[in-house]
Amino acid sequence: MSTLNDEKYLLDLLQQNRLLTTEQRSFVESRKAQQRQFLLRQHSARRKTDTDKEREDSLNFVDIIASFNLELSAKKGQLLTEELIVRAVAKDLGLPFKKLDPLELDLKIVTKTIPRIFAFRHLLLPFAMSNGVLEVAICNPENKTVLAEIERANQLTVKPYLATKSDIRKTLAEFFGFQSSITAAESHLARPLVDLGNLEQYVRISSTEEAASSDQHVTSAVDHMFNYAFEQRASDIHIEPKRDQALVRLRIDGVLHTIYKLPKVVHAAVVSRIKSLARMDIAEKRRPQDGRIKVDRGGQEAEIRVSTVPVAFGEKAVLRILDPEILFQEVDKIGFSKRDLEVYQSFMSAPHGIFLVTGPTGSGKSTTLYSTLKQIATPEKNVVTVEDPVEMVHEEFNQIPVQPQLDVTFSTILRNILRQDPDIIMIGEIRDLDTAVNAVQAALTGHLVFSTLHTNDAVASISRLLDLGVQPFMVGATLLGAMAQRLVRRICPHCSEAFRLSAEELRAFGLPVPSAAEEEFELRRGKGCQQCRGTGYLGRCGIFEIFAMSDKIRKQISAGSSETEIRQTAREEGMTTLKDDAWRKVKSGITTPEEALRVTGAD
């Protein structure tokens, strides 16, 4: 009998490790037969082609225990999962446990070392090879005969690791599915060229059937790529052509990871498929293009914004994944301090004026503005946005895309937008004097205007408007305030640990630790675990710098005071800088000093 099907062994082991109470054990023993039948019916509904024996073989006692979702007595809110059970078995048997992270795996080792059918039949996944040793993830510790076959076939020593069955099955499906699609597409697209001299070359044309088959493989490969990006919480997909291959990279929590290396011949077909989905011109490869794709994520809609540009070795495509759950948040959940939230809510309820959000690309400006508009948009208000391009289509807003080729620009549309009787206007970005002047006119005529600027901090937005040519008295009369923001990575909650740093060390990170502060601070950091891929970070959070216009600042603007003087006044009136807010989030255990330094820089 397999260890993972030995009921007494597993229940005894889980009880010894305090993963199962006596009452929970009795519950499992009394309900196991009923639960087995329930799981077999579920499996049968999903995979109707399997025989009864295959369904039975695919289910073990670990699956039955994990399916009850039993709560751990030692950790409230944490459930007894398949991974915890298999970890306990691995420790008891003296086998290393392997948590499979697709971003760490080599596609070639996974798909080229062991045949696909063999890997799926025995649920084996090779994941690393070095110095004549092949490391293989297995879910059945009794599979010694199969491991010996692999050693003979590959002339390598096999080192087994125990992994969960669901991880192995899912990773095999993803990797072999993507690899088979790419390989099939490559075989159809790669055509030998016979060079007949300088004037002509002999090219074999694919038949209609071959072309259709190739399209099918490329379509499947792109679908795999999208699904993978969603599962990994990626914000962007980069498809980059190089001299001999193409790279597919995902941006996760602000950091790029290379996940696939495509054959060069497949790159153009993959990009063409994406351009087709985004309704872009497939034939045009010499100029940049933009498009968008709406996709279904298990019943939830998400949008993908596509941008292509010609680079040295072909067309590079960048796909930004716009998730409504991230773009539309409750304003009080974004990460504001109590003071900043009160100031921000005063801007949201203002009858008219301009509010500016500043920061570099990727600093979360769109999330802040969309979340704000969603909160203040009601049936009694007409919300109009002018965007380049429209980030996320939302039915409560009237969204106008900028189209320079039709002379629909930020400045030209603003001249006409007031005839549309708006209450609230959101301008994607103030880039020039015309746009700035029209935004000021809209604010003067009783409209609430939101927009973005590319400046380093909140107070610099005043200087930016003046540099564009807006008159100082107009800035003072219409500007409600401004906010600068950045995104810092959150400490992973699964591996967070306490540590201590002195005030002197913290000041070295550029953090504004008061001189009268205590000698040492207890802070948090992530050790690195499977959930955060060893980075110590999981997810992101905003840090903010908000100032509100006051009579004193208006007088300073009219008198031509310097940016430094205005910033000093804003701080005296309660403004906290980006560094102040970063320090607050470091003290609260939300992020680390290193991350605060990375985002705000040293003084």
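None of the figures in this text is laboratory data; all of them are computed from the coordinates on show. Remember, it's a predicted structure, so these values are computed and weren't measured experimentally. Don't worry about glycine lacking a Cβ; one is built from the backbone with ideal geometry, like all the others, and counts go over all protein chains shown.
Only helices enter this figure: runs of n ≥ 4 DSSP H residues, each worth -39500 (n - 2.57), summed and divided by the residues of the chain, yield -12500 deg cm²/dmol at 222 nm to the nearest 500. Placing dummy labels 7 Å off each Cα toward the beta-carbon, the span from Arg25 to Asp106 is 4.5 nm. Scoring 161-167, 131-137 by mean Cβ neighbours within 10 Å over their residues and listing the highest first yields 161-167, 131-137.
So for the stretch 102-163, what are the equivalent ellipsoid semi-axes in whole Å, largest first, each being the square root of 5 times an eigenvalue of the Cα gyration tensor? Semi-axis lengths for the stretch 102-163 are 15, 14, 12 Å.
Derived value for the chain: Kirkwood hydrodynamic radius 28.4 Å. Basis is the mean of 1/r over every pair of different alpha-carbon atoms.
In terms of the Cα gyration tensor, with a ≥ b ≥ c the square roots of its eigenvalues, is the stretch 63-180 rounded because a/c is under 1.5, prolate because a/b exceeds b/c, or oblate? Prolate, since a/c reaches 1.5 and a/b exceeds b/c. In order along the stretch 486-503, the Karplus-derived 3J(HN,Hα) couplings, from 6.51 cos²θ - 1.76 cosθ + 1.60 at θ = phi - 60°, round to 9, 10, 10, 6, 7, 5, 5, x, 7, 10, 5, 9, 8, 8, 10, 9, 7, 4 Hz, and Gly and Pro are given as x. In a DSSP loop and with at most 15 other Cβ atoms within 10 Å, the trypsin sites (Lys or Arg not before Pro) in the stretch 497-543 are Lys527. For the chain, what is the relative contact order in percent, using Cα pairs closer than 8 Å and at least 6 residues apart in sequence? After rounding, I find 8 percent.
Each residue in Ile150, Ile182 was given a count of other beta-carbon atoms within 10 angstrom of its own, and listing them fewest first yields Ile150, Ile182. The slack in the chain from Arg419 to Ala312, taken as 0.36 nm per residue of separation less the alpha-carbon distance, amounts to 33.9 nm.
Using a simple spin-label model with pseudo-atoms 7 Å out from Cα toward Cβ, His454 and Phe473 lie 3.3 nm apart.
Taking 13 Å as the cut-off, the amide N atoms of the stretch 463-491 that come nearer than this to a point 7 Å along the Cα-to-beta-carbon line of Ser588 belong to 488, 490-491. Here the Karplus curve 6.51 cos²θ - 1.76 cosθ + 1.60, taken at θ = phi - 60°, turns the phi angles of the stretch 570-578 into couplings of 4, 5, 4, 8, x, 5, 9, 7, 4 Hz, with x standing for Gly and Pro.
No disulfide-compatible partner, judged by a Cβ distance under 4.7 Å, exists for the following cysteines of the chain: Cys139, Cys541.
How high is the FRET efficiency between Gln405 and Leu444 when r is their beta carbon distance and R₀ equals 35 Å, given to the nearest 0.05?
Working from the Cβ atoms, E equals 0.70.
Local charge for Arg243 was computed over the other residues whose Cβ lies under 14 Å away, with Lys and Arg +1 and Asp and Glu -1, and equals +2.
Per the Kirkwood formula applied to alpha carbons, the stretch 395-488 shows a radius of gyration over Rh ratio, Rg over Rh, of 0.96.
Among Arg233, Arg490, a tally of other beta-carbon atoms within 10 Å of each Cβ gives an order, fewest to most, of Arg233, Arg490. Taking amide H as placed 1.01 Å from N in the peptide plane, the amide H of Arg490 sits under 5 Å from that of Leu538, Gly539, Arg540, Cys541, each at least 5 places away or on another chain.
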